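First the structure, in the form of structure tokens, and then the observations on it.
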Amino acid sequence: MKKNTKILLSIPSIVSLFFFLTYFIEPTVWGIVIDSMTKYYIAICIVQSLMIIQLVYLLNFLWKSNNFVKSTKVNWTWLLVLFTSIASLFFIWKKIDEFEITSKQ
């Protein structure tokens, strides 16, 4: 996978982690930007839709590639669904490279 694709796929996870961590640690920081519940719901919908698009792309990549063992595909599917923000970053930057190296051998 190219580096540009990895960066583009990492953006939703970084945005969601930043948004949720800053909002739950210090909610008054977002009080200026998100001053009503409607704006909050819109922001949450945007962040979650980005995460769903990323998740669908990664799962599609995982299940269409032939160089993964089925048990590995099932394990990574569960990890990506349950821990999307963190697992997707790890999958994008670490595991895809490992799987591509093993498939070339």
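The values are calculated or read from the model by the stated rules, or taken from the named source; none is laboratory data. Quick caveat, the model's predicted, so the values are computed rather than measured. Glycine gets a Cβ as well: all are built from the backbone with ideal geometry, and neighbour counts include every protein chain shown. Ligands, DNA and RNA are stripped out before the accessible areas are found, and what is left, the full protein with its side chains, is counted by its heavy atoms. Shrake-Rupley method; radii C 1.70, N 1.55, O 1.52, S 1.80 Å.
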Based solely on its DSSP helices, what 222 nm [θ] is calculated for the chain when runs of n ≥ 4 H residues each add -39,500 (n - 2.57) and the sum is averaged over all residues, nearest 500 deg cm²/dmol? -25500 deg cm²/dmol
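So for each of 74-85, 34-45 I average, over its residues, the number of other beta carbons within 10 Å; can you give me the resulting order with the highest mean first? Kindly include the intermediate steps, with their values, before the conclusion.
Numbers: 74-85: 14.3, 34-45: 11.8.
My ranking of the peptides, most packed first, is 74-85, 34-45.
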For mean projected area of the Cα convex hull in nm², calculated from these coordinates, the label among (i) 7.3; (ii) 8.3; (iii) 9.7: (i)
Relative contact order (percent) for the range 19-105, with alpha-carbon contacts under 8 angstrom and 6 or more residues of separation? 22
Eligible lysines near Lys73 by straight Cα distance, threshold 20 Å, same-chain separation 8 or greater: Lys6, Lys64, Lys94, Lys95, Lys104
Among the range 1-28, those whose backbone N falls under 17 Å of a label point 7 Å along Cα→Cβ from Lys39 are 19-20, 22-24, 26-28
On a 0 to 90° scale, report how tilted helix 37-64 is relative to the longest principal axis of the chain, with both axes built from alpha carbons and the result rounded to the nearest 10. 0
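Mind putting a number on the dipole of the range 1-88 about its Cα centre? Charges go on the C-beta only, +1 for Lys and Arg and -1 for Asp and Glu, and I need it in Debye to the nearest 20. Walk me through the intermediate numbers first.
Working: 7 positive and 2 negative charges, 119 e Å.
That gives the range 1-88 a dipole magnitude of about 580 debye.
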Excluding residues fewer than 8 positions from Lys2 in its own chain, the aspartates and glutamates with Cα under 15 Å of it are Asp97, Glu98, Glu100
Hey, with R₀ at 30 Å, roughly what FRET efficiency would Lys94 and Leu50 work out to, going by the Cβ-Cβ distance, to 0.05? 0.90
Under a 1.4 Å probe, what is the accessible area of the chain per residue, stated in Å²? 68
In nm, to one decimal, how far is the modelled label at Thr5 from the one at Asn67, with both set 7 Å along Cα→Cβ? 1.1
How large a share of the accessible area of the chain, in percent, is made up of carbon and sulfur atoms when the probe is 1.4 Å and the other protein chains stay in place? 71
